[in-house]
Amino acid sequence: MNKPLELPEIADELVSLARRNEQIEVCLSRSRSTTVKAYSGQVESVRSGMSEGVGIRVIVNGQQGFATAGSLNRQVLTHVLEEARGNLQFAESDPDQGLAEPDGVKSPNLDLVDPEVLKMSDHQKSSIAIELEQRCLSADRRVSSVRSAAWSDGWGEFALASTNGISVYAEGGSCSVGVQPLAVEGNETQIGYAGDAARRPDLLDVDRVIAEAVEGATSMLGATKPLSERVTVVFEPGVTSAFLGTVAGALTGDRVVKGRSPFAERLGEQVGSSKLTLFDDPTNVASLGADNHDGEGLAARKNMIIENGVLSQFLHNSYTARRSGVSSTGSAVRGARSTPSVGLHALCLKPGVIDREALFAKVGNGIFIRGVNGLHSGVNPVSGDFSVGAYGHKIRDGVLAEPFSEATIASTLQRMLLDVAIIGGDFEFLPNGSGMSSIAIEDIALSGM
Amino acid sequence: MKPASSLLDRELIQETLTEAISNGGEWAEVFVEDRQNASADFDERRVEAMVSSRDLGAGIRVTVGEVTGFAHTSDLTRDGLSEAAQAAAAVAKGGGRVKPIPLNGDGIAESKARILPETISKTRKVELLEQVDSAARAENAAITQVNVRYSEGRRRVLIANSEGLFNADDQTRTLLSVNCVATGDQGLQTGRETVGYTVGFELFEDHDIEAMARRAAGRAVTKLGARPAPSGQLPVVIERGGGGVLFHEACGHGLEADLVNKGASVFRDRLGELVAAPSVTLVDDGTMGVEWGTVAIDDEGCPTQRNVLIEDGILTDYMWDHLRSRAAGRSASGNGRRQSYQHLPMVRMTNTFVTNGDVEPSDIIADTQNGVYVAQLGGGQVNTATGDFVFGMTEAYLIENGEITAPLREGNLIGNGPEVLQNIEVIGNDFAMGSPGTCGKDGQGVPVGDGQPTLRVAALTIGGTAS
């Protein structure tokens, strides 16, 4: 494939329009995507499209303005620059405001461009979507229909340039599959979901997706409301990711500098069980979150967050770093259409050694959580209050027992970190880019009957 | 700004429809959208960022039998539209040639906003933010952080299809939200309030934003002394306007025809049956005043209407979009919506609410021995296949011996839709709409409203930590 040099050229040209005293950062993106859904053994819908994006930051004397648009049309680009200039006059001056400055850290130089996904024909994509649906239907007689069976792929490029001499370009693609079978028995219906994502089509594990989705639906048949009690819970890796993602969100610079994190004053302290080590590592190509640069064009790097339970550092972009008197950790995240915030690229939990069965045996009695609901409504990352809907299975005498649903689990983020008792060895990279294992957490309030 | 009819040339739309349907498609649609948003974030006593954005593009849809082809583009030139039309048409495999019916609307819509926000100076908007920040901080010394967000959005859409439909709408929404953090001995607590309507800048003539700021601050401060919520099942009284999200989640999603058709709803095959307590009447109404979910036409060009979904406890109808209503051989209900021109429309709610009962709200509380009083619910989520739903309580209190007592820390409530609907014991006479919301479904967010009078559910599971 010929590398289109267009985006970097446009970005450089816009940056060259900077006036004296103006810092300008231009982000441009262009992408194509396709989603094919199947239903009743045939294609239900094919959706494709091209998206463009531009985001321009202009900073003068610590005042920042930002504007964005969904087009790379020349007229639009000029208009966006003017809008950003217009917006900055209304922002208060902040001495820490400014663009990222090159810090000498070398990019990991990962080869993330794999054109295999571009070679997929529409027919191949449709076939996979139909296969997902049909194989779920034949996998178990209780699977009555499939709510959604989908193939998606996308290819995009991104260019960033600034008056501080930063200029980066990236391109790449990925593909994913997802399926939601419905299992019916008597009057009861349960729905399962599983998905996978990868940079190359041949790395998608369709067999596993089908098996997990069907098992997720059928194994929940007969679920009842459990009794309220304090229990040890085991999170499957996807749930661990949701939990630790929320924790890590409270350890990002913007929450910390604004006093909106329960961990703001706790650097260097024991905030979690000594078994717990957490880091963000975009330099590992095994993660879909791997990247050469962060959202401000600084080199991506591995950052320890919690080491053996001790809070080692907060994650920063260049603004929150300046305010905290430290250096950026290369943790700016953004799309071209938004200003850089602070976030995670590839959050990883250091795995334990025992497999899931051994973990259940060690727990003895408790519950295994397959999924949680209401993370956005029941978890307050400022106070740390944690309460979410949960479903899964009882663990009795060290093995999985009957399913339960319509229950909640509650504690606080602060307590839960300290109550992590066991970390499983069943480490895997998830479609969201995080690398997670099952974990057991003690003393959680289960609410049901 | 130009009226919506000039978003795209009429002849070009007609040509695009003809091209889209020429490959054997049975029906084609062109959806054009021009969206301009502006927002300002006020944090730590200053304007942190003022952002403006613009999105213009078209989505082209072709259907043949049960199959849909869709392509979107931000290139509205003849070439860009032609490429998208061909991509959308690719699902059809040649064959019969349907000729589109000539467009027969005028495709003109005027903004109903009294004061278009874009005509107001940014300086004035910044003043509003300062005003809210000061009011919140003045409420209580424990307020340590205030974040105020202003946003305005104008969305002009033009929808044309091969049946000759040519409709436009010009939608303006304005919103102000405030988030307060209070600091106490036990840590931090938050309080939030939002005011938002399908109106222009007149929002600030019609609403007292300082009172809103004080309510948000009060909420955060109250929670500083909150005790852990109970764990287990209790009666729950929900304050008027505070819990429409319960119905949005408990049954609204389950009444969307696309989910019903796929067997993914607990309400499938239940039309005409008693699915709720006989006092419950549930309505979805896209025509409702200037509420957050109000639109003149849906994103398929169909005028919105008042749809009674449950009447006196009996399930009367589902909500429909073009695709699903056509398959069922009935009319659409104005519920086909999409996040943007880049998305396929699907069945979505607009303003969903439970109508008034006849009981005094004070009697409902006095009549509750022990339970939980929820003054404000946060977001929620439902598994439509099982009916299990959760929603967060962002302001709640214990009810002891018929009186509202101690404030409770945040947590989720969980229930099962069909069970909860049957378990609504009493409905008040004090109907109110709640805060503006964004409903997410299959990755698409659309603005929705909800509302309800004060009411009591016999039992919900409260996800607290206290035994």
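Out of the range A:265-366, which trypsin sites (Lys or Arg not before Pro) are coil in DSSP terms and have no more than 16 other C-beta atoms within 10 Å?
Numbers: sites: A:266, A:275, A:301, A:302, A:322, A:323, A:334, A:337, A:356, A:362; in loops: A:266, A:275, A:301, A:302, A:334, A:337.
In loop regions of the range A:265-366 (DSSP not H, G, I, E or B), the sparsely surrounded trypsin sites (Lys or Arg not before Pro) are A:266, A:275, A:302.
Starting from the Cα of residue B:112, draw a straight line to each of the lysines and keep only those under 18 Å, dropping any in the same chain fewer than 8 residues away.
Within the straight-line cut-off, residue B:112 pairs with B:2.
What number comes out for the charge environment of residue B:168, summing +1 per Lys or Arg and -1 per Asp or Glu over other residues with Cβ under 10 Å away?
Working: positive: B:156; negative: B:106, B:110, B:169, B:170.
Charge balance near residue B:168 sits at -3.
Of A:213, A:87, A:320, which is farthest along the charge dipole of chain A in the positive direction, counting Lys and Arg as +1 and Asp and Glu as -1 at C-beta?
Of the listed residues, the answer is A:87.
Obtain the nm distance between the two label points defined at residue B:406 and residue A:96 by a simple spin-label model: each point lies 7 Å from its Cα along the Cα-to-C-beta direction.
Going from the residue B:406 label point to the residue A:96 one covers 3.8 nm.
Taking each residue in A:368-374, count the Cβ atoms of any other chain within 10 Å of its Cβ, then average. What number comes out? Walk me through the intermediate numbers first.
Working: counts 0, 0, 0, 1, 3, 11, 15.
Counting other chains' Cβ atoms within 10 Å and averaging over A:368-374 gives 4.
Just to be sure I understand the model, the point goes 7 Å from the Cα along the line to the Cβ. What's the resulting residue B:432 to residue B:227 distance in nm?
With each label placed 7 Å out from Cα toward Cβ, I get 2.7 nm.
Which parts of the range B:414-429 would a label at residue B:363 reach, counting a residue when its backbone N lies under 13 Å from a point 7 Å out along Cα-to-Cβ?
B:426-429
Under 16 Å between alpha carbons, and skipping anything fewer than 8 positions from residue A:362 in its own chain: which aspartates and glutamates qualify?
A:236, A:397, A:419, A:426, A:442, A:443
What is the dipole size for the range A:6-218, taken about its Cα centre, with +1 at each Lys and Arg Cβ and -1 at each Asp and Glu Cβ, in debye to the nearest 20?
Details: 19 positive and 33 negative charges, 96 e Å.
Charge dipole, the range A:6-218, about its Cα centre: 460 debye, nearest 20.
Classify the protein assembly as shown as rounded, prolate or oblate from the Cα gyration tensor: take a ≥ b ≥ c as the square roots of its eigenvalues, call it rounded if a/c is under 1.5, otherwise prolate when a/b beats b/c and oblate if not. Write down the numbers at each step before the final one.
Details: a/c = 1.19, a/b = 1.07, b/c = 1.11.
Here the protein assembly as shown falls in the rounded category.
When chain A is modelled as a GNM with alpha-carbon springs shorter than 10 Å, which of A:220, A:416, A:50 fluctuates the most?
Per the Cα network of chain A with a 10 Å cutoff, A:50 tops the list.
Which loop-located GluC sites (Glu not before Pro) does the range B:226-309 contain, where loop means any DSSP state but H, G, I, E or B and the Cβ has at most 16 other Cβ atoms within 10 Å? Working shown, then result.
Working: sites: B:239, B:249, B:256, B:273, B:291, B:300; in loops: B:239, B:273, B:291, B:300.
Here the sparse-neighbourhood loop sites are B:273.
Considering only DSSP beta bridges where both residues belong to the protein assembly as shown, give the percentage that are antiparallel (nearest 5). Walk me through the numbers before you get to the answer.
Numbers: 227 of 253 bridges.
Looking only at bridges with both residues in the protein assembly as shown, the antiparallel portion is about 90 percent.
Along the range B:357-374, what does the Karplus equation 6.51 cos²θ - 1.76 cosθ + 1.60 (θ = phi - 60°) give for ³J(HN,Hα), rounded to whole Hz, x for Gly and Pro?
Using θ = phi - 60°, the values come out as x, 10, 9, 5, x, 5, 5, 5, 5, 4, 7, 9, 4, 9, x, 10, 9, 9 Hz.
For the cross-link pairs A:37/B:262; B:262/B:441; A:106/A:302; A:37/B:99; A:275/A:350, which exceed 18 Å when the distance is taken from alpha carbon to alpha carbon? Could you put the intermediate results ahead of the total?
On the way: A:37/B:262 13 Å; B:262/B:441 15 Å; A:106/A:302 12 Å; A:37/B:99 28 Å; A:275/A:350 9 Å.
Flagged as over cut-off: A:37/B:99.
With r defined as the distance between the Cβ atoms of residue A:112 and residue A:402 and R0 fixed at 45 Å, what FRET efficiency is calculated, to the nearest 0.05? Don't skip to the answer; put the middle values down first.
Numbers: r = 44 Å, r/R0 = 0.98.
Once rounded, the FRET efficiency stands at 0.55.
In debye, nearest 20, what is the charge dipole magnitude of chain B about its Cα centre with +1 on Lys and Arg Cβ and -1 on Asp and Glu Cβ, if you could check?
Values: 42 positive and 65 negative charges, 170 e Å.
That gives a dipole near 820 debye.
Grab the Cα-Cα distance for residue A:185 and residue A:141, subtract it from 0.36 nm times how many residues apart they are, and report the gain in nm with one decimal.
Values: separation 44, 0.36 × 44 = 15.84 nm, distance 0.98 nm.
That pair, residue A:185 and residue A:141, stretches by 14.9 nm at full extension.
If you stretched the chain out fully between residue A:89 and residue A:286, how much longer would it get, using 0.36 nm times the residue separation minus the C-alpha to C-alpha distance? Could the numbers behind the result be given before it?
Values: separation 197, 0.36 × 197 = 70.92 nm, distance 4.40 nm.
Gain in length upon complete extension: 66.5 nm.
Hey, what D do you get for chain A in µm²/s if you plug the Kirkwood alpha-carbon radius into Stokes-Einstein at 10 °C and 1.306 mPa s?
Numbers: Rh = 23.8 Å.
It comes out at roughly 67 µm²/s.
For the range B:248-265, list residues with backbone N below 16 Å from a point placed 7 Å from the Cα of residue B:331 toward its Cβ?
Zone members listed by number: none at all.
What list of ³J(HN,Hα) couplings, whole Hz, do you get for the range B:247-257 from phi and the Karplus terms 6.51, -1.76, 1.60, once you set θ to phi - 60° and write x for glycine and proline?
After applying 6.51 cos²θ - 1.76 cosθ + 1.60, I find 6, 4, 7, 5, 9, x, 4, x, 9, 7, 4 Hz.
Under a 5 Å amide H to amide H cut-off, with H placed in plane at 1.01 Å, what residues pair with residue B:197 once short-range neighbours are removed?
B:174
Read the figures in this text as sums done on the coordinates, not as results from a lab. Note that the structure is a prediction, hence the values are computed from the model and not measured. For neighbour counting, all protein chains shown are included, and Cβ atoms are generated from backbone atoms with ideal geometry for every residue, glycine included.
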